[in-house]
Every structure is written in C-alpha cells, then in structure tokens.
Amino acid sequence: MLEEVIEELKNAYGKAHEALRRDLSRLRTGRANTSMLDGIRVDYYGTPTPIASMATISVPEPRMLQIKVWERGQSKAVDKAIRESDLGLNPQVDGDTLRIPLPSLTEERRKDLAKKARKEGEDCKIAIRKSRKDAKDMIDALTKDGDVSRDDGDAAWKKAEELVAGAVKVVDDIVAAKEKEIMTV
C-alpha cells in the first residue's frame, strides 16, 4: 500500500514537470518556436480552436513564424487572435498565409519573461507540495488504521520527502535553463 502512495506521488510530480515544460515552451525567447502559439485560440465558427487545428505552422527563418491557414476566410480570425494575445506579435497577412516576424526582445522584456518563468516554476513547486501533503495524509491514514506499522509509515514519509526534494530541484533546473535561454541575446 505504501508503494502505491509513493508511485502516486511520483506520477503527480511527473505531471507537474510536464505541465511546467509545456507552459515554459510558450514563453517567447529570441528564436521562433511553433509552440509559442499553442495557447492561442481562434474563434472558428463559434468554437475556440487552437491554431494548429486549422493551419500549418512553420519556422522558415530563426526569427519568423509562418502560418498557412487551410481555409482562406479564416486568415483574419487567426490574425485577430494573435494580435489580441499577450505575445506582442504583429502578423502580416498575405492571402491565406500569415508571416509573423519576431522582433528582438528588449532587456526589460527579457527580465519580464524571466520573471514569468520563475512564477511558473513556483506554481509547479506548489503543485508538488500539494501532492506531498496528499501523500502524507494517505500515509498517516494507513498508519492510523493499523494497515502499516508506525516505522513503515515513517520510512515511507522519509522516502516521499526525498522524492519531493529531488522534484523541486528538477523544477529549479528547468526554470534556470529557460531563464538562460530567455536572457541569451
């Protein structure tokens, strides 16, 4: 039973790491990246739709994104969604193709993005700590009910603490790597 609690804890912080990586991939760096547009939804006949579901996104140059909309009439809707996002991008519409030049980031904007990365990392740590609390509650319940001995419960709790410490260190490493990528000119 304690092994299941530990496995559940591992799964929880694994999911938290995946979510952090996904969220950080959306943060803009100096280079073009198709995942920057993942969070943007376009009003497609009344349904919020991801751009990737209605267009082909490519990176023809290091500082340029290109979107080829499959349905010509939707170019304006995609353009509007990108302009209204908080990415600060200005697409250039050419028929069913949108070209999005990525301007160089100012030092202030880089610091702002690094701050966002740290905030995402802190949110991930909070999720990991919450899963640690859930694991502690389960271990305590098993110990209280007499399903496991006090020593086994303490050993499982110690193992859980070690796993959480390792998971938090991984979060710090992920955020530090992203900050370095953001701050590199």
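Here the stretch 151-185 is the region considered, the condition is being of a type in the set (Lys, Arg) and touching a residue at least 24 places away in the same chain (Cβ under 8 Å), and the residue that is nearest to Arg109 (Cα to Cα) is Lys178.
Scanning the stretch 128-147 for residues that are outside any helix (DSSP H, G or I) and either in contact (Cβ under 8 Å) with a residue 60 or more places away in the chain or in contact with a strand residue (DSSP E or B) (Cβ under 6 Å, 6 or more places away or on another chain) (or both) turns up just one, Asp147.
Cβ-Cβ contacts under 7 Å between residues 6 or more apart (or on different chains), taken from a first residue in the stretch 17-45 that is farther than 20 Å from Arg72 by Cα and free of Cβ contacts under 8 Å to residues at least 40 places away in the same chain to a second residue that is small (Gly, Ala, Ser) and not in a helix (DSSP H, G or I), are listed as Arg26/Gly39. Remark: pairs (first residue in the stretch 87-112, closer than 29 Å to Glu71 by Cβ and not assigned by TED's automatic domain parsing to the domain that holds Glu179; second residue modelled with pLDDT under 80 and in a helix (DSSP H, G or I); Cβ separation under 7 Å; 6+ apart in sequence or on different chains) = Gly95/Arg72; Asp96/Arg72.
How about the stretch 22-60: which of its residues are of a type in the set (Val, Ile, Thr) and either touching a helix residue (DSSP H, G or I) at 6+ places or on another chain (Cβ under 8 Å) or part of a helix (DSSP H, G or I) (or both)? I'd like the intermediate steps shown before the answer.
Initially, the stretch 22-60 is screened for residues of a type in the set (Val, Ile, Thr), giving 29, 34, 40, 42, 47, 49, 51, 56-57, 59.
Passing the criteria: Thr29, Thr34, Ile40, Val42, Ile51, Ile57, Val59.
The values are calculated or read from the model by the stated rules, or taken from the named source; none is laboratory data. Source: prediction; values computed, not measured. Every residue, glycine among them, receives a Cβ derived from its backbone with ideal geometry; neighbour counts consider all protein chains shown.
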